[in-house]
Amino acid sequence: MAQDATFAPLAYLTAAQSLPPAAKVALRLAVVFAKWSERHRTRLALAQLDSHLLADVGLDRRSALLEARRPFWVG
């Protein structure tokens, strides 16, 4: 879901025009940092969900905490 939105600007910019190499590197770094930030935020939110909300999405407390404790750089 979010990956499509994150990579859409990158695909558009690299296809639409020829970017200088430094701009391509900066753009790729921005995409990586955006993904890391999203993972961090969503894992924090997952850790704070109540048990009944976790049950709604098919998770138990232990599974949610295991996912929430994963480092943000791990996909």
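Brief remarks on what is shown
- Selection of first residues in the range 29-43 that are over 9 Å from Phe72 (Cβ atoms) and of second residues that are of a type in the set (Val, Ile, Thr) and part of a helix (DSSP H, G or I), restricted to Cβ pairs under 6 Å at least 6 apart or on distinct chains, gives the following pairs, ordered by first then second residue: Val31/Thr6; Ala34/Thr6.
- Qualifying residue in the range 15-25 (condition: among the polar types (S, T, N, Q) and surrounded by 10 or more Cβ atoms within 10 Å (Cβ to Cβ)): no
- Hey, Arg61 touching a helix residue (DSSP H, G or I) at 6+ places or on another chain (Cβ under 8 Å) and exposed (fewer than 14 other Cβ atoms within 10 Å of the Cβ) or not: yes
Readers should treat all values here as calculations from the given coordinates under stated rules, not as data from a laboratory. Model, not experiment: these values are computed from the prediction. Every residue, glycine as well, gets a Cβ built from its backbone with ideal geometry; the counts of neighbours run over all protein chains shown.
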